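Data block below; observations after.
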Amino acid sequence: MDAIPELREKYLQAIAAAADMDALEALRVAALGKKGEISLKMRALGQMSAEERQVAGPALNGLKAEIDAALKARRAALEDAMLEERLKAEWLDVTLPGRPRPAGTIHPVSQVMEELTAIFADMGFSVAEGPQIESDWYNFDALNIAPEHPARQEHDTFFMHRAEGDNRPPHVLRTHTSPVQIRAMQAQGAPLRVIAPGRVYRMDMDQTHTPMFHQVEGLAIDRDITMAQLKWTLEEFCRAFFEVDQVELRFRASHFPFTEPSAEVDIRCSWEGGQLKIGEGNDWMEILGSGMVHPHVLRAGGIDPDQWQGFAFGMGIDRIAMLKYGIPDLRAFFESDLRWLRHYGFAALDQPSLAAGLSR
Ligand code: PHE
């Protein structure tokens with residue numbers, strides 16, 4: 001084994017030349033590890049005579065301290081060098097302009113759903129939901145539309161597929177949001193005030209019809225609800241929604257199997273020069289069907305028609321979005337054309353609140 005001066009020379013040189021942390025650690029183990037050269041020498045002190053030990057002991061301790069210090073110094077130097085490297089490699093130009101992130105927009109239908117939910121919530125209506133694939137009982141029978149009733153054909157229904165030999169009536173894509181009336185009555189009983197916005201489906205396609213569109217159902221049931229309250233509620237809604245005092249509504253006597261009496265409501269508008277405007281002009285656009293809930297319908301919902309009565313309406317959400325925001329063609333709503341979405345879409349933070357006003 002080398003004598004102390006040789007060991008000292010060997011390790012101090014090697015440590016000063018160590019290129020990285022691994023090399024440095026290997027040197028530490030070789031010198032000061034359990035079986036390191038210096039550790040072994042220290043262990044050998046026990047076999048020495050007292051005089052020898054007196055000389056060798058302090059010399060070894062001094063060497064150990066010196067090597068320790070050299071290891072630490074080299075480690076610090078290597079760490080500094082590594083940091084220097086990283087600072088050179090990972091620099092960041094904070095003066096560069098930010099990369100733009102294109103933000104999506106809120107679809108007019110979503111925007112209008114938020115708006116009308118806020119208005120009806122203010123009048124005490126909560127939101128109810130139902131499935132888009134509906135049984136024919138909820139979509140038709142419970143709403144007093146008998147199997148042979150022509151209204152079933154009028155609705156241009158999409159029927160779901162049944163396996164061969166399965167003769168149960170097929171489910172349907174709901175043709176209106178009215179089945180949610182039944183579900184809400186069953187779930188909550190009377191008295192009741194709900195709206196139910198959502199998608200509905202009919203085989204139909206032109207400038208104001210698409211096979212999928214949106215309705216919002218309204219239902220209010222109490223002991224003494226009348227047609228007068230229906231009229232007030234709808235007028236109040238239109239004033240708040242369209243933000244014009246002179247919205248003109250036209251109630252036309254009509255017929256639905258699930259309401260008696262029934263009325264359809266049109267709104268005054270103009271289509272001049274391909275521009276759609278409300279509150280002026282000589283055209284009328286039908287926006288909703290309504291009436292007093294038929295006793296059969298209340299009974300189907302588990303509500304006693306001798307105790308309770310109410311009104312219901314079903315309004316076209318896409319229609320009122322077209323009217324409010326002057327969008328002339330309904331088909332474009334569902335074509336996902338980015339240019340259209342950017343033009344007619346809303347900023348994500350442009351959420352309606354009654355206090356802030358509902359306009360853009
Ligand atoms: N469900 C009817 C439709 O889709 C609208 C309506 C709802 C009429 C509620 C009266 C009462 O045309």
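The values are calculated or read from the model by the stated rules, or taken from the named source; none is laboratory data. Note that the structure is a prediction, hence the values are computed from the model and not measured. In this analysis, Cβ positions are derived from the backbone assuming ideal geometry, glycine residues included, and neighbour counts consider all displayed protein chains. Surface areas here come from the heavy atoms of the whole protein model, side chains and all, with no ligands, DNA or RNA. Shrake-Rupley method; radii C 1.70, N 1.55, O 1.52, S 1.80 Å.
Here are a few things to note about the model shown:
- 2 or more residues among the charged types (D, E, K, R): qualifying helices (runs of 4 or more DSSP H) within region 78-169: 108-122, 151-154
- Criterion applied to PHE140, PHE120 was being surrounded by 21 or more Cβ atoms within 10 Å (Cβ to Cβ), hydrophobic (A, V, I, L, M, F, W, C) and within 13 Å of the ligand (Cβ to nearest atom), and the one residue passing it is PHE140.
- Residue list for region 267-298, filter: basic (Lys, Arg) and out of contact with any helix residue (DSSP H, G or I) (no Cβ under 9 Å at 6 or more places or on another chain): ARG268
- So ARG174, is it within 13 Å of the ligand (Cβ to nearest atom), under 29 Å from SER110 (Cα atoms) and open to solvent by 40 Å² or more (accessible area, probe 1.4 Å): no
- Looking across region 285-297, the residues that are under 26 Å from TYR201 (Cβ atoms) and either near the ligand (Cβ under 9 Å from one of its atoms) or more than 32 Å from the chain's Cα centre (by Cα) (or both) come down to MET285, LEU288, GLY289, SER290, GLY291, VAL293, HIS294, HIS296, VAL297.
- Unmet requirement for GLY326, which otherwise passes all of (1) over 24 Å from TRP137 (Cβ atoms); (2) open to solvent by 40 Å² or more (accessible area, probe 1.4 Å): (2)
- Enumerated helices (runs of 4 or more DSSP H) restricted to region 250-360, each holding at least 1 residues that are on the phi < 0 side of the Ramachandran plot and of a type in the set (Phe, Trp, Tyr): 317-325, 338-344
- Selection status of GLY279, surrounded by fewer than 15 Cβ atoms within 10 Å (Cβ to Cβ), more than 9 Å from the ligand (Cβ to nearest atom) and under 17 Å from ARG319 (Cα atoms): no
Residue by residue, here is whether (1) within 25 Å of the chain's Cα centre (by Cα); (2) farther than 16 Å from ALA300 by Cβ; (3) among the aliphatic types (A, V, I, L, M) holds:
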residue: ALA121; (1), (2), (3): yes, yes, yes
residue: PHE125; (1), (2), (3): yes, yes, no
residue: GLU129; (1), (2), (3): yes, yes, no
residue: SER135; (1), (2), (3): no, no, no
residue: PHE158; (1), (2), (3): no, yes, no
residue: ARG162; (1), (2), (3): no, yes, no
residue: LEU173; (1), (2), (3): yes, yes, yes
residue: GLN181; (1), (2), (3): no, no, no
residue: ALA184; (1), (2), (3): yes, no, yes
